[in-house]
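Notes follow once the structure below has been shown.
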Amino acid sequence: MTGMNMVDYTVEEQVICYLARSFDPDEEIGVFALNNCTNAGLSLAKKLYAPRLAILKQSEGRYCVISELCLSPVVGQVPEKIIETRYSSEEAFAMVNNGRYMVIMQPVQIDKNGFINLSLVGDFAKPKMTFVGSRGAPSNTVNQRKTLYFVTNHSSRTFVEQVDFKSGVGYSQERSDGTIKWGTPIEVISNLCVIDFDEACGAARLKSLHKGVTRRDVEENTGFELIVPENVPETPAPKRDELDLIRTEIDPLGMRRLDFATKENYAQIETEIRSAADGA
């Protein structure tokens with residue numbers, strides 16, 4: 001790091017800032033995020049880079065657009081004061097079909113061509129594990145103007161040669177011949193790196209490495225052969241103003257730490273967050 005970026009930061013903060021910068025100033029879409037880091041990234045984007053971005057949430061089973069986001073351990077209900085408007089399921093589907101709706105999904109599996117699995121692991125007739133199911137992924141991955149994925153634990157169990165069940169469309173013949181025009185996988189942001197895709201062949205490619213991560217770390221935890229350029233840069237470092245907003249306004253309790261927590265330290269971090277919330 002040099003100059004103005006001579007500040008300490010965590011990988012979670014690096015990921016949040018990277019995601020925030022991926023949205024353009026004129027981008028006018030509704031985005032739904034499922035994790036602490038991705039929600040923080042949306043909030044930072046709206047504050048600094050993409051003011052027309054609409055942050056979408058569900059509150060008490062209803063859809064809504066919120067004006068701002070402060071991460072909290074309290075789930076299920078969005079404070080009424082930050083709800084800008086509410087919308088119906090029909091309006092949500094219309095947004096999807098018009099390409100103005102985006103979900104930053106966390107796949108159970110993702111393969112070398114960007115196909116994702118949200119449904120099961122193992123044989124379809126007798127799966128080893130089952131999950132939430134494909135839900136809106138089939139529609140999202142052919143209608144979104146861009147598709148971003150977030151992976152909290154980069155491992156060969158998630159990054160696989162071929163997914164066990166296709167929930168979302170990756171690079172395929174239908175994309176090559178123009179049958180599917182939208183929803184192309186753009187990037188996968190994990191706790192180790194950023195992966196994009198070579199548009200010529202549709203194969204996953206290592207784009208950048210997070211702080212302290214090596215190419216070997218990524219390759220050993222990926223279940224297929226990545227395209228690895230000769231020179232792989234570090235994921236851009238956060239700026240001081242970004243960190244100030246994350247730490248004081250968006251996530252003062254440190255909820256972001258839970259996304260990349262290990263089994264060994266998750267409970268301790270959760271206790272620290274709840275203690276800080278009680279004392280706030």
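The values are calculated or read from the model by the stated rules, or taken from the named source; none is laboratory data. None of the values given here were measured: they were computed from a predicted structure. Using ideal geometry, Cβ is built from the backbone for each residue, glycine included, and neighbour counts are taken over all protein chains shown.
For residue 137, are the conditions met, namely being of a type in the set (Gly, Ala, Ser), in contact with a Leu (Cβ under 9 Å, 6 or more places away or on another chain) and more than 27 Å from residue 273 (Cα to Cα)?
Details: of a type in the set (Gly, Ala, Ser): yes; in contact with a Leu (Cβ under 9 Å, 6 or more places away or on another chain): yes; more than 27 Å from residue 273 (Cα to Cα): yes.
Judged against the criteria, residue 137 is a match.
In segment 185-206, which residues are at negative phi and more than 15 Å from the chain's Cα centre (by Cα)? Please lay out each step first, then the result.
So in segment 185-206, the residues at negative phi come out as 185-201, 203-206.
197, 198, 199, 200, 201, 203, 204, 205, 206 - these are the residues of segment 185-206 that are at negative phi and more than 15 Å from the chain's Cα centre (by Cα).
Let's see how each residue does on (1) surrounded by 12 or more Cβ atoms within 10 Å (Cβ to Cβ); (2) touching a residue at least 40 places away in the same chain (Cβ under 8 Å):
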| position | (1), (2) |
| --- | --- |
| 171 | yes, yes |
| 179 | no, no |
| 183 | yes, yes |
| 187 | yes, yes |
| 218 | yes, yes |
| 249 | yes, yes |
| 254 | yes, no |
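Does residue 20 satisfy the condition of being touching a Leu at 6+ places or on another chain (Cβ under 6 Å) and modelled with pLDDT of 95 or more?
Values: touching a Leu at 6+ places or on another chain (Cβ under 6 Å): yes; modelled with pLDDT of 95 or more: yes.
For residue 20, the condition - touching a Leu at 6+ places or on another chain (Cβ under 6 Å) and modelled with pLDDT of 95 or more - is met.
Residues 61, 41, 30: which one is small (Gly, Ala, Ser) and crowded, with 21+ Cβ neighbours inside 10 Å?
On the way: 61 fails: crowded, with 21+ Cβ neighbours inside 10 Å; 30 fails: crowded, with 21+ Cβ neighbours inside 10 Å.
After applying the criteria, what remains is 41.
Any idea how many residues of segment 30-71 are over 22 Å from residue 240 (Cα atoms) and either β-branched (Val, Ile, Thr) or free of Cβ contacts under 8 Å to residues at least 40 places away in the same chain (or both)? Break it down into steps so the answer makes sense when it comes.
In the first step, residues of segment 30-71 are kept if they are over 22 Å from residue 240 (Cα atoms); the result is 30-35, 52-67.
Still in the running and either β-branched (Val, Ile, Thr) or free of Cβ contacts under 8 Å to residues at least 40 places away in the same chain (or both): 31, 52-55, 57-67.
Selection size over segment 30-71: 16.
Do we have residue 218 as modelled with pLDDT of 95 or more, more than 20 Å from the chain's Cα centre (by Cα) and over 19 Å from residue 43 (Cα atoms) here? Outline the logic, then answer.
On the way: modelled with pLDDT of 95 or more: yes; more than 20 Å from the chain's Cα centre (by Cα): no; over 19 Å from residue 43 (Cα atoms): yes.
It is false that residue 218 is modelled with pLDDT of 95 or more, more than 20 Å from the chain's Cα centre (by Cα) and over 19 Å from residue 43 (Cα atoms).
Report, ordered by the first and then the second residue, all pairs with beta carbons closer than 9 Å, sequence separation of six or more or different chains, a first member in segment 232-243 that is closer than 15 Å to residue 49 by Cα, and a second member that is among the basic types (Lys, Arg) and at pLDDT 95 or above.
242/21
Looking at segment 262-270, is at least one residue among the β-branched types (Val, Ile, Thr), free of Cβ contacts under 8 Å to residues at least 60 places away in the same chain and either farther than 29 Å from residue 160 by Cα or part of a strand (DSSP E or B) (or both)?
Initial filter on segment 262-270 (among the β-branched types (Val, Ile, Thr)): 262, 269.
Those left that are additionally free of Cβ contacts under 8 Å to residues at least 60 places away in the same chain: 262, 269.
With the extra rule that they be either farther than 29 Å from residue 160 by Cα or part of a strand (DSSP E or B) (or both), the set shrinks to 269.
Scanning segment 262-270, I find at least one residue that is among the β-branched types (Val, Ile, Thr), free of Cβ contacts under 8 Å to residues at least 60 places away in the same chain and either farther than 29 Å from residue 160 by Cα or part of a strand (DSSP E or B) (or both), so the answer is yes.
All but one of (1) closer than 21 Å to residue 149 by Cβ; (2) surrounded by fewer than 17 Cβ atoms within 10 Å (Cβ to Cβ); (3) modelled with pLDDT under 95; (4) more than 20 Å from the chain's Cα centre (by Cα) hold for residue 175, so report the exception by its number.
Checking residue 175 against (1) closer than 21 Å to residue 149 by Cβ; (2) surrounded by fewer than 17 Cβ atoms within 10 Å (Cβ to Cβ); (3) modelled with pLDDT under 95; (4) more than 20 Å from the chain's Cα centre (by Cα), the one that fails is (2).
Considering 11, 7, which residue is at pLDDT 95 or above and more than 16 Å from residue 105 (Cβ to Cβ)? Break it down stepwise before answering.
Values: 7 fails: at pLDDT 95 or above.
Only one candidate qualifies: 11.
Pick out the one residue from 89, 67 that is out of contact with any helix residue (DSSP H, G or I) (no Cβ under 8 Å at 6 or more places or on another chain) and on the phi < 0 side of the Ramachandran plot. Before the answer, list the steps.
Working: 67 fails: out of contact with any helix residue (DSSP H, G or I) (no Cβ under 8 Å at 6 or more places or on another chain).
Step by step, each of 89, 67 is checked, and only 89 is out of contact with any helix residue (DSSP H, G or I) (no Cβ under 8 Å at 6 or more places or on another chain) and on the phi < 0 side of the Ramachandran plot.
Starting from residues that are over 14 Å from the mean Cα position of the chain (by Cα) and either of a type in the set (Phe, Trp, Tyr) or under 22 Å from residue 198 (Cβ atoms) (or both), keep the ones in segment 115-139 and report whichever is surrounded by the fewest Cβ atoms within 10 Å (Cβ to Cβ).
Here the residue is 124.
Only one residue in 258, 209 is at pLDDT 95 or above and either touching an Asp or Glu at 6+ places or on another chain (Cβ under 6 Å) or on the phi > 0 side of the Ramachandran plot (or both), so which one is that? Outline the logic, then answer.
Working: 258 fails: either touching an Asp or Glu at 6+ places or on another chain (Cβ under 6 Å) or on the phi > 0 side of the Ramachandran plot (or both).
None of the other options fit; the residue is 209.
Give me a count of the residues in segment 143-162 that are free of Cβ contacts under 8 Å to residues at least 60 places away in the same chain, in contact with a helix residue (DSSP H, G or I) (Cβ under 8 Å, 6 or more places away or on another chain) and either aliphatic (A, V, I, L, M) or within 20 Å of residue 203 (Cβ to Cβ) (or both).
Here the count works out to 1.
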